[in-house]
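Okay, structure first, notes after.
The values are calculated or read from the model by the stated rules, or taken from the named source; none is laboratory data. On a predicted model such as this, the values are computed, not experimentally measured, just so you know. Cβ coordinates were reconstructed from backbone atoms using ideal geometry, including for glycine residues, and neighbour counts include every protein chain displayed. The accessibility values were calculated without ligands, DNA or RNA, using every heavy atom of the protein model including side chains. Shrake-Rupley method; radii C 1.70, N 1.55, O 1.52, S 1.80 Å.
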Amino acid sequence: MTCNAESAKECGDNDLTSRVAYWVAVDKYYKAKQVDPALADEADKRIAAYSVYFPTASTIFFYALKEGDTYKVECWINEETKIRAAKQ
């Protein structure tokens, strides 16, 4: 499985935008689990690995955003996702 997480930092220039692609990457792994349950173990590993790179709650607050709201990830990704903070 490959994903857009590897180019996350190329799609942003600050503490928020350089991390938002990880949201979309994790969304794709959740979708992979739905489509093919045989991928669940590997998808769960990658979800755990990439979720630590989400923006922090304080970064989200600094940019006047709110967890759970919809956010459009720009760059080549150009997808909407939900705002989530890295778990401490």
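Taken residue by residue, segment 65-75 has at least one member that is modelled with pLDDT under 95 and either of a type in the set (D, E, K, R) or more than 13 Å from the chain's Cα centre (by Cα) (or both).
List, please: which pairs have Cβ atoms under 8 Å, are six or more places apart or on different chains, and start with a residue in segment 69-88 that is farther than 16 Å from Ser51 by Cβ and end with one that is of a type in the set (A, V, I, L, M) and crowded, with 18+ Cβ neighbours inside 10 Å? Pairs found: Asp69/Ile83; Thr70/Ile83; Cys75/Ala21; Ile77/Ala21; Ile77/Val24; Glu79/Val24; Glu79/Val73; Glu80/Val73. When segment 61-77 is filtered for residues that are within 16 Å of Asp13 (Cα to Cα) and outside any loop (DSSP other than H, G, I, E, B), the ones remaining, listed by number, are Phe62, Lys72, Val73. Taking segment 11-62 as the range and being under 17 Å from Lys82 (Cα atoms), surrounded by fewer than 16 Cβ atoms within 10 Å (Cβ to Cβ) and of a type in the set (A, V, I, L, M) as the test, the residues that pass are Ala48, Val52, Ala57.
Name the single residue, out of those in segment 63-88 being open to solvent by 40 Å² or more (accessible area, probe 1.4 Å) and polar (S, T, N, Q), that is farthest from Ser18 (Cα to Cα). This residue is Gln88.
Annotation note: Cβ proximity below 6 Å between a residue of segment 19-46 that is in a loop (DSSP other than H, G, I, E, B) and a residue that is open to solvent by 60 Å² or more (accessible area, probe 1.4 Å) and of a type outside the set (A, V, I, L, M, F, W, C) (sequence gap 6+ or interchain) occurs for Arg19/Tyr53.
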